[in-house]
Amino acid sequence: MGRCIVVTSGKGGVGKSTITGTLGMALAEAGARVTLVDADVGLNNLDLVLGIEGAVSYDLTDVERGRCRLTEALVTHPFCEDLALLSSRALGGATLTQKTFASVISALRRSADYVLIDCPAGIDEGFHRAVSAADEALIVTTPVPASVRDADKVSDLLAAYRLRRVEVIVNRVRGDLVLKGEVLGVGDVMSALRLPVVGSVPEDDEVLLSATVGRISDKESEYYRSITMIASHVMMGTSAVYDCTARYRGIIGFFRRIAR
Ligand SMILES: Nc1ncnc2c1ncn2[C@@H]1O[C@H](COP(=O)(O)OP(=O)(O)OP(=O)(O)O)[C@@H](O)[C@H]1O
Ligand SMILES: [Mg+2]
């Protein structure tokens with residue numbers, strides 16, 4: 001049985017879907033079989049993030065209503081054969097029960113090493129449905145107080161579930177602003193949340209502008225390297241976290257800082 005990890009946040013728009021998509025890709029490129037599940041029913045965008053929206057014929061709601069088999073609803077990524085997506089584009093999540101969702105997830109776990117669930121924003125029914133089906137959680141936050149406060153609330157809520165691990169990813173980190181003390185650093189987030197920070201992901205213009213990480217051209221980018229470090233943590237328990245401030249240190253870093 002594969003591991004099931006929910007990617008959640010509390011605050012919306014912090015990068016859950018982007019991280020679910022890229023982390024899935026990094027895990028698959030490292031040799032794992034990965035299935036991504038868009039639990040943001042009706043407001044899905046994981047298909048867009050992966051750049052495969054045109055290939056989705058059936059979704060979670062079709063599986064729930066018996067209109068197709070689960071395997072028919074899975075879309076394999078064209079550039080990454082070990083990465084598949086179960087989308088949820090149809091409105092109508094109201095009828096999707098926690099029990100049905102959990103049974104879909106356990107079926108997926110039989111043929112994947114990792115099932116990553118992209119959680120909807122907020123803490124209502126969709127959140128509970130997604131979290132109940134998982135056995136580990138990654139909380140995504142940005143390095144600003146409002147986002148960290150919501151992550152803290154979510155972390156309190158997660159204590160009520162039987163999760164084996166709850167860990168944090170700090171996304172959209174501007175290393176120059178961390179060095180100036182204008183946004184929180186990894187250590188600050190870790191002490192505020194009292195949870196391990198297992199990833200620090202830089203703010204990246206390509207990610208912001210391209211809307212789809214499915215076509216991220218530069219696998220050597222800082223962004224993708226930070227994600228592969230999270231994938232190593234997930235697969236092998238490594239503890240190194242990408243240092244988003246490194247490129248702003250020293251003489252060259254000084255000029256980069258003033259150029260921003
Ligand atoms: N590291 C990053 N650098 C730059 N832009 C980013 C980064 N991560 C995410 N974004 C951008 O932030 C926006 C929100 O990302 P995303 O949709 O992944 O957030 P979300 O948490 O899934 O949102 P929602 O709560 O609405 O589901 C997108 O425009 C995305 O391209
Ligand atoms: Mg999302």
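Any idea which of 144, 189, 154 is surrounded by fewer than 23 Cβ atoms within 10 Å (Cβ to Cβ) and of a type in the set (Val, Ile, Thr)?
144
Looking only at segment 135-156, count every residue that is among the hydroxyl-bearing types (Ser, Thr, Tyr) and out of contact with any helix residue (DSSP H, G or I) (no Cβ under 9 Å at 6 or more places or on another chain) and tell me the total.
1
Restricting attention to segment 162-213, which residues are over 21 Å from residue 146 (Cβ atoms) and among the charged types (D, E, K, R)?
Once the filter is applied, which keeps residues that are over 21 Å from residue 146 (Cβ atoms) and among the charged types (D, E, K, R), segment 162-213 yields 162, 164, 165, 204, 205, 206.
Could you check how many residues of segment 34-67 are modelled with pLDDT of 95 or more and over 21 Å from residue 131 (Cα atoms)?
Number of matching residues: 0.
In segment 216-249, which residues are under 15 Å from residue 178 (Cβ atoms) and surrounded by fewer than 14 Cβ atoms within 10 Å (Cβ to Cβ)? Break it down stepwise before answering.
Step one: of segment 216-249, the residues under 15 Å from residue 178 (Cβ atoms) are 222, 226, 241-249.
Hit for segment 216-249 is 246, nothing else.
Among (1) surrounded by 14 or more Cβ atoms within 10 Å (Cβ to Cβ); (2) touching a Gly at 6+ places or on another chain (Cβ under 8 Å); (3) among the hydrophobic types (A, V, I, L, M, F, W, C), which single condition is residue 183 missing?
The one condition residue 183 does not meet is (2).
Quick test of your reading of the structure: residue 108 fulfils all but one of (1) within 20 Å of residue 231 (Cβ to Cβ); (2) hydrophobic (A, V, I, L, M, F, W, C); (3) assigned to a loop (DSSP other than H, G, I, E, B). Name the failing condition by number.
(3)
Given the options 232, 210, name the one that is under 16 Å from the mean Cα position of the chain (by Cα), of a type in the set (Gly, Ala, Ser) and within 24 Å of residue 30 (Cβ to Cβ).
Exactly one residue qualifies, and that residue is 232.
Conditions tested, residue by residue: (1) within 16 Å of ligand 1 (Cβ to nearest atom); (2) farther than 22 Å from residue 173 by Cβ; (3) in a loop (DSSP other than H, G, I, E, B); (4) within 12 Å of the chain's Cα centre (by Cα).
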{"residue": "5", "(1), (2), (3), (4)": "yes, no, no, yes"}
{"residue": "10", "(1), (2), (3), (4)": "yes, no, yes, no"}
{"residue": "17", "(1), (2), (3), (4)": "yes, no, no, yes"}
{"residue": "21", "(1), (2), (3), (4)": "yes, no, no, yes"}
{"residue": "24", "(1), (2), (3), (4)": "yes, no, no, yes"}
{"residue": "40", "(1), (2), (3), (4)": "yes, yes, yes, no"}
{"residue": "47", "(1), (2), (3), (4)": "yes, yes, no, no"}
{"residue": "58", "(1), (2), (3), (4)": "no, yes, yes, no"}
{"residue": "61", "(1), (2), (3), (4)": "no, yes, no, no"}
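Which ones in segment 192-215 are of a type in the set (Ser, Thr, Tyr), at pLDDT below 90 and surrounded by 17 or more Cβ atoms within 10 Å (Cβ to Cβ)?
212
I'm trying to understand the selection: among the residues of segment 49-97, which are among the acidic types (Asp, Glu) and either away from ligand 2 (no atom under 16 Å from the Cβ) or in contact with a Cys (Cβ under 6 Å, 6 or more places away or on another chain) (or both)?
Residues satisfying the conditions are 62, 64, 72, 81, 82.
The values are calculated or read from the model by the stated rules, or taken from the named source; none is laboratory data. No experiment lies behind these values; they were computed from the predicted model shown. Virtual Cβ from ideal backbone geometry, glycine too; neighbours counted across all protein chains shown.
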